[in-house]
Amino acid sequence: MGRHAATAEAQHFTTVSRILHWLTAILVFTTLLVGFAMVSTVSDYATLLKIHKTLGVVILAVVIIRVVNRLTHRPPPLPPTVGRFEHILVVTSEMALYALLLAQPLVGWAMVSAAGHPVVVFGSLRLPGIAPVDVDLYSVLRETHSVFAFLLVAIVAAHVSAVLLHSVTLRDRMLARMTFRLPRTRSQQARQVRRAEPAAPAASVE
Amino acid sequence: MQNRVTRALGGVPLDRRRVLLGLAAVGGFLAVDLGAVLYAGGWVAGERLTPQGFMDAFKRVYGSHPGFRRNHAKGVAVTGYFDSNGAGQELSKAAVFRQGQTPVVGRFSLAGGNPNVADMIDTPRGLALAFGYPGGQQWRTAMLNLPVFLDSSPQGFYDRLVASKIVPATGKPDPEATARFLAAHPETVRAMTVIKAQPPTSGFGDSTFRGLNAFYFVNESGARAAVRWSLAPIGKAPHPLPRSGGPNTLFDDLIRQIGSGPQQWKLLVTLAAPTDPVNDATVAWPAQRRVIETGTVTLTSVETERAGNARDINFDPMVLPDGIEPSDDPLLSARSAVYAASFRLRAGEHKSASAVNVGAVTL
């Protein structure tokens, strides 16, 4: 029991990591949707823009905390179902995702600055500009912001698809590394053991 | 084959049911995820009014003029300052209303998307100002020399724009399209009556420019008051100089006036009564409403549009300091959205020289 519990623990991200992950997921998905919606509406543009800027600053703060957390905490090992080539893909896409999540709010902040607009978040908090006022720079940053948004949509879609394929098709409990579990009944635990054993003997049981 | 696949996946045996379940899970997720993105971005639901729809309409009506604003394309940059007398503090805590001076950059313009159009006396004239640009507490406003605006809604503006397209054969808008538009928009008919009763002045310099949309002023104690603002010319004898008569006659006059000395306007703030509409720019507030004179705008220099001056400012009416807040007038959000789309397009385009060339005007 004790050994099993320890092994199970090693297969999970820490609670803080998991909270940060799902918080980022909700924030990023919402901010992307608000962003796409706001540039395609005239009636709700002003309201959505305010929400979008505030969410962007919150994401920036959360992602900075996440980077620190990631550098100070080793993630659990990947399931044995992840081959050598896929391992490289996983590491590269994780780094690309972190880089994009950091860059996108900064590009947004910089593009508002380059347009000479005040950067207003949380209703009335005015942030300083982080780029010189310059229309050409604004244009580059504005187009970059859109490209990054589509890249984020693509990488997030690939990330979730890969985890779903692993968890559903290979039954390697990839998703379970990041989820929170409710207290289980004895029969559920027994089912879990029966199901997990033949498929992935190396994976832990609870 | 089967063996190679399973080995690549870490020796896990694959069964068809599991593969199909996995693909179904991925398919279901992608349908929801990408469906949400497509819906949010307006790529699936047709009909709604979008900033891109306005860009397309401006192009259809006025043609393609890369590098210029999609509307109010013809203009000239100015600079100066605002001297506040402190009276505005009664209504707004905005720093610009404290006694003292705030630098101002601005732009005079003519309505329409053709940057080379000949000046006409009855084309609506614009004056856009940015107080304290580019500081954190800046205030941007784009005003017109009209007593009321022609439209109360973004749809009204869009429909009027589309109906105003010139038919090449007649050189005029299609009368049937105009009639259809006016029948659908009685608010515009009423606004046109008000506008006709106050014919335009002889030029930019003696024009009164009005913000038209209502805003809320919020003072130090948190009291909110619905207001509209306007700029009233000071000490202008109408028609002070001989007209150039050319295609830039209004701009030439303005350039000579500012060249001969600073031009001044009083910044007036009109308070709404509780019964006055704050979300309908086509309706004038009664003349007896209380008006506060908050100070004087002085324009001291005029400059051809170029990189770094007012050419590169988006005079977004939602750029407001603490102490000024937007009303629920639907035109405000729409102006903000459409100006942003225009700004994004022209920022990425090659810039041609403005038809208004200050250096070419002899004083």
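The values are calculated or read from the model by the stated rules, or taken from the named source; none is laboratory data. All of these numbers come straight from a predicted model, not from anything done at the bench. Cβ coordinates were reconstructed from backbone atoms using ideal geometry, including for glycine residues, and neighbour counts include every protein chain displayed.
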*What number of residues in segment A:147-179 are more than 16 Å from the chain's Cα centre (by Cα) and surrounded by fewer than 15 Cβ atoms within 10 Å (Cβ to Cβ)?*
1
*Applying the selection to segment B:35-47, what residues are on the phi < 0 side of the Ramachandran plot and within 7 Å of chain A (Cβ to nearest Cβ)?*
B:Ala36, B:Val37, B:Ala40, B:Gly41
*Check whether at least one residue in segment B:48-71 is facing chain A (nearest Cβ under 10 Å), in contact with a Pro (Cβ under 9 Å, 6 or more places away or on another chain), within 24 Å of A:Ala149 (Cα to Cα) and in a helix (DSSP H, G or I), and report yes or no.*
yes
*Please tell me if A:Leu60 is at pLDDT 95 or above and at the interface with chain B (Cβ under 10 Å from one of its Cβ atoms).*
no
_Could you check segment B:291-313 and list, in sequence order, the residues that are touching a strand residue (DSSP E or B) at 6+ places or on another chain (Cβ under 8 Å), facing another protein chain (nearest Cβ under 10 Å) and not hydrophobic (A, V, I, L, M, F, W, C)?_
B:Arg311
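For (1) buried (at least 21 other Cβ atoms within 10 Å of the Cβ); (2) over 26 Å from B:Val319 (Cβ atoms); (3) at pLDDT below 95, each residue gets a yes or a no:
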position	(1), (2), (3)
B:Leu14	no, yes, yes
B:Gly42	no, no, yes
B:Gly46	no, yes, yes
B:Gly67	no, no, no
B:Thr79	no, no, no
B:Gly86	no, no, no
*Using the structure shown, decide if A:Val120 is within 30 Å of B:Pro154 (Cα to Cα), free of Cβ contacts under 8 Å to residues at least 40 places away in the same chain and within 14 Å of chain B (Cβ to nearest Cβ).*
no
*Read through the list (1) more than 10 Å from every other protein chain (Cβ to nearest Cβ); (2) more than 13 Å from the chain's Cα centre (by Cα), then give the number of the only condition that A:Arg70 fails.*
(2)
_Selection count, segment B:314-357, where residues are within 26 Å of B:Ala223 (Cα to Cα), within 9 Å of chain A (Cβ to nearest Cβ) and assigned to a helix (DSSP H, G or I)_ = 4
